[in-house]
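Visitor: Got a structure for you, written out below as structure tokens; questions coming shortly.
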Amino acid sequence: METIIEFQKVKKSYGDKAVLKGLDLSIEKGSFVTIIGSSGCGKTTALKMVNGLLKPDSGNIKIKGEDIRQKDQTQLRRNIGYAIQGSVLFPHMTVEQNISYVPNLLNKRDKQKTRAAVDKWMKLVGLEQELKERYPAELSGGQQQRVGIARALAASPEILLMDEPFGAVDEITRGQLQTELKRIHRQTGITVLFVTHDIGEALKLGTKVLVMDQGEIQQYGGPQELLSRPATEFVRQLTRQQRHTCSLPDDRLGDCEYSGARGCAPASGGSADSSGPADRFP
Ligand SMILES: Nc1ncnc2c1ncn2[C@@H]1O[C@H](COP(=O)(O)OP(=O)(O)OP(=O)(O)O)[C@@H](O)[C@H]1O
Ligand SMILES: [Mg+2]
């Protein structure tokens with residue numbers, strides 16, 4: 001498998017507080033990496049380094065083998081979609097204008113091509129076409145987030161960075177957005193880095209899950225690996241509820257719905273906690 005993003009001994013401090021303490025990480029092209037860890041552990045910092053919004057104090061970040069410091073920064077960012085929590089839409093532009101912002105820059109002459117791209121991405125993220133002429137203030141929070149994701153995707157990036165993108169939406173909308181994002185990932189082969197605070201979401205969406213604590217990697221592996229073979233006590237505690245909710249023996253935790261596979265078959269006599277996080281994913 002081809003490596004698309006590489007962190008090599010990346011360090012970052014603010015004052016005397018070390019946020020990243022020598023991050024080493026290789027991300028394969030086409031993977032969906034979910035990133036989870038305690039608040040302040042450096043997730044946003046690591047994400048912003050990928051598109052050059054923050055620079056490491058030392059160490060390298062490479063994209064397709066090339067140090068990002070060598071790249072043209074505008075070109076770099078154009079190839080990387082960035083969707084963050086809360087609305088970052090242009091308030092004075094309609095939904096259509098927001099989504100077509102980058103495609104318009106890319107193919108100035110071909111308006112038809114841009115219109116087709118807007119239609120395609122609105123459909124893929126589950127936005128009604130009739131919302132095109134609305135302004136962000138006339139949309140619900142969930143709709144605004146979908147526009148933000150459509151706008152990031154419409155630029156046809158190879159890499160999509162998402163920082164808690166579903167944090168502010170209700171559980172039903174969140175479930176729909178998760179399903180849609182998973183489908184988009186499958187259909188486009190895009191590489192996604194997705195920060196979340198919800199371990200259920202991290203295990204459900206990620207082909208790989210990165211668990212961080214205090215600026216260091218606790219584990220980087222497939223969801224079933226985290227469930228059945230937690231590398232540290234931190235990971236064991238983090239996944240405890242999912243292991244419990246699935247009521248499966250260790251060697252079958254890969255079948256758990258949280259492993260990214262569909263359907264959680266409770267073991268006979270298993271008592272899934274009805275108030276547990278499984279409720280979030282009907
Ligand atoms: N510009 C800054 N100046 C000083 N300290 C900063 C700055 N930006 C971030 N930090 C600190 O660096 C640490 C890591 O921040 P970061 O935003 O990466 O955390 P995070 O893992 O994304 O947290 P959260 O889950 O709360 O979003 C935090 O302790 C934060 O207070
Ligand atoms: Mg953050």
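Each value in this text was obtained by applying a stated rule to the coordinates, not by laboratory testing. Remember, predicted model here, so these are calculated numbers, not experimental data. Using ideal geometry, Cβ is built from the backbone for each residue, glycine included, and neighbour counts are taken over all protein chains shown.
Visitor: Strands (runs of 3 or more DSSP E) wholly in the stretch 19-93 with at least 1 residues that are closer than 20 Å to Thr196 by Cα, more than 15 Å from ligand 1 (Cβ to nearest atom) and in contact with a strand residue (DSSP E or B) (Cβ under 6 Å, 6 or more places away or on another chain) - which ones?
Guide: 32-37, 80-84
Visitor: Sticking with this structure for a sec: Filtering the stretch 153-183 down to residues that are hydrophobic (A, V, I, L, M, F, W, C) and under 12 Å from the mean Cα position of the chain (by Cα), which residue is surrounded by the fewest Cβ atoms within 10 Å (Cβ to Cβ)?
Guide: If we take residues in the stretch 153-183 being hydrophobic (A, V, I, L, M, F, W, C) and under 12 Å from the mean Cα position of the chain (by Cα), then Leu177 is surrounded by the fewest Cβ atoms within 10 Å (Cβ to Cβ).
Visitor: Listed residues Lys43, Lys62, Lys71, Lys55; which is within 15 Å of ligand 2 (Cβ to nearest atom) and among the charged types (D, E, K, R)?
Guide: Lys43
Visitor: So which residues in the stretch 137-176 are of a type in the set (Ser, Thr, Tyr) and either under 25 Å from Ile36 (Cβ atoms) or within 16 Å of ligand 2 (Cβ to nearest atom) (or both)?
Guide: The answer is Thr173, and nothing else.
Visitor: Being surrounded by 16 or more Cβ atoms within 10 Å (Cβ to Cβ), aromatic (Phe, Trp, Tyr), over 30 Å from Gln129 (Cα atoms) and under 21 Å from the mean Cα position of the chain (by Cα): is that true of Phe32 here?
Guide: no
Visitor: I would also like to ask the following. For Glu6, only one of the following conditions fails: (1) away from ligand 1 (no atom under 11 Å from the Cβ); (2) farther than 21 Å from Gln219 by Cα; (3) charged (D, E, K, R). What is its number?
Guide: The number of the failed condition is (2).
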